[in-house]
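The values are calculated or read from the model by the stated rules, or taken from the named source; none is laboratory data. Remember, it's a predicted structure, so these values are computed and weren't measured experimentally. Cβ placement follows ideal geometry from the backbone for every residue including glycine, while neighbour counts extend to all protein chains displayed. Accessible surface is based on the protein model in full, side chains and every heavy atom, while ligands, DNA and RNA are left aside. Shrake-Rupley method; radii C 1.70, N 1.55, O 1.52, S 1.80 Å.
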Amino acid sequence: HLESWINDTESDNFSAIRQAYQQLLQRQLGSDRFSAHFCGSGAEGIETALAHFFTRRSNPKARKVLAFEGSFHGRMMVALASTWNPTKREPFSWPGHESVFAPYPEMDTSEIGAPLAPSGWVRLWSELSAPDFEEALLDARADADSLLDAEIDSLLAVRKHLESGDVFAILIEPMQCEGGDRYSSARFHQGLACLATALNVPLVYDEIQTGFGL
């Protein structure tokens, strides 16, 4: 199409194709709430997603992104503020808008589906105000190996940041790629998604490196 050569995103033809593509994705996902945004780079994609959630944040005083240690999200301003490496991030920090970071529970293999979730894992991170939360947490740690302990510690750190009211979005890579591939388990991401939903904070996945899990 001509629009792809001249970068015209305002024509009637482009709008019709865009709408048709979005409707295809909605049908495949079974959700008419899905909307697609198109942009030209990974960092721009991150900035677009964060801007979307910032303008719709439930707490008008929330100004921070929660990212993870070891992360890299690009070289535009907000994406860079959420990049872990201080050498890249700190020279461009905006006072009062710095991202906060939680530990990234790295696996020592790439078998992300292998670690099994302990009994009650989804409920644990979905019902944070349950009277037996601390007891359920102890049960989850009862037979925990070092990875599960690290995942629980990370999720508790995330919870603390979110309950401060300062965070309007969580930003994470399912596999970190700066300085080598660093994997995290599906179990951890399931807990993170439950936690984000429970505390009404959007969860943004930066899948530029992984291609939607491929």
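Grab the helices (runs of 4 or more DSSP H) fully contained in the stretch 3-111, keeping just those with 3 or more residues being over 23 Å from P174 (Cα atoms) and out of contact with any His (no Cβ under 7 Å at 6 or more places or on another chain). Show your work before the answer.
Numbers: elements: 12-29, 42-54, 77-81, 86-89.
Here the list reads 12-29.
Between a residue in the stretch 5-17 that is over 15 Å from C39 (Cα atoms) and any residue that is surrounded by 11 or more Cβ atoms within 10 Å (Cβ to Cβ), which pairs come within a Cβ distance under 7 Å, given they are 6 or more apart or on different chains?
S11/E3; N13/E3
Does L148 count as closer than 20 Å to E69 by Cβ and of a type in the set (A, V, I, L, M, F, W, C)? Walk me through it before giving the result.
Values: closer than 20 Å to E69 by Cβ: yes; of a type in the set (A, V, I, L, M, F, W, C): yes.
Considered against the rule, which asks whether it is closer than 20 Å to E69 by Cβ and of a type in the set (A, V, I, L, M, F, W, C), L148 comes out as yes.
Here are some residues: E44, E10, E3. Which one is out of contact with any strand residue (DSSP E or B) (no Cβ under 8 Å at 6 or more places or on another chain) and open to solvent by 80 Å² or more (accessible area, probe 1.4 Å)?
E10
Can you pull out every residue in the stretch 160-178 that is in a helix (DSSP H, G or I), crowded, with 17+ Cβ neighbours inside 10 Å and among the charged types (D, E, K, R)?
Answer for the stretch 160-178, where residues must be in a helix (DSSP H, G or I), crowded, with 17+ Cβ neighbours inside 10 Å and among the charged types (D, E, K, R): there is none.
How about the stretch 190-204: which of its residues are open to solvent by 30 Å² or more (accessible area, probe 1.4 Å), under 24 Å from P118 (Cβ atoms) and within 13 Å of the chain's Cα centre (by Cα)? Walk me through how you get there before you give the answer.
From the stretch 190-204, those open to solvent by 30 Å² or more (accessible area, probe 1.4 Å) are 190, 193, 197-200, 202-203; that's our starting set.
Then keep just the ones that are under 24 Å from P118 (Cβ atoms); that gives 190, 193, 197-199, 203.
Selection gives Q190, A193, T197, L203.
Kindly provide the set of residues from the stretch 49-97 that are in contact (Cβ under 8 Å) with a residue 24 or more places away in the chain, among the basic types (K, R) and over 23 Å from L199 (Cα atoms), ordered by number.
R75 - this is the single residue of the stretch 49-97 that is in contact (Cβ under 8 Å) with a residue 24 or more places away in the chain, among the basic types (K, R) and over 23 Å from L199 (Cα atoms).
Taking the stretch 162-192 as the search range and keeping residues that are in contact with a strand residue (DSSP E or B) (Cβ under 6 Å, 6 or more places away or on another chain) and of a type in the set (A, V, I, L, M), which one is modelled with the lowest pLDDT?
Only one residue tops the list, namely M175.
With the checklist (1) more than 22 Å from Q176 (Cα to Cα); (2) charged (D, E, K, R); (3) modelled with pLDDT of 95 or more; (4) under 18 Å from the mean Cα position of the chain (by Cα) in hand, flag the one item R159 doesn't pass.
It is condition (1) that R159 fails.
So which of R141, R187 ends up being open to solvent by 40 Å² or more (accessible area, probe 1.4 Å) and among the basic types (K, R)?
R141
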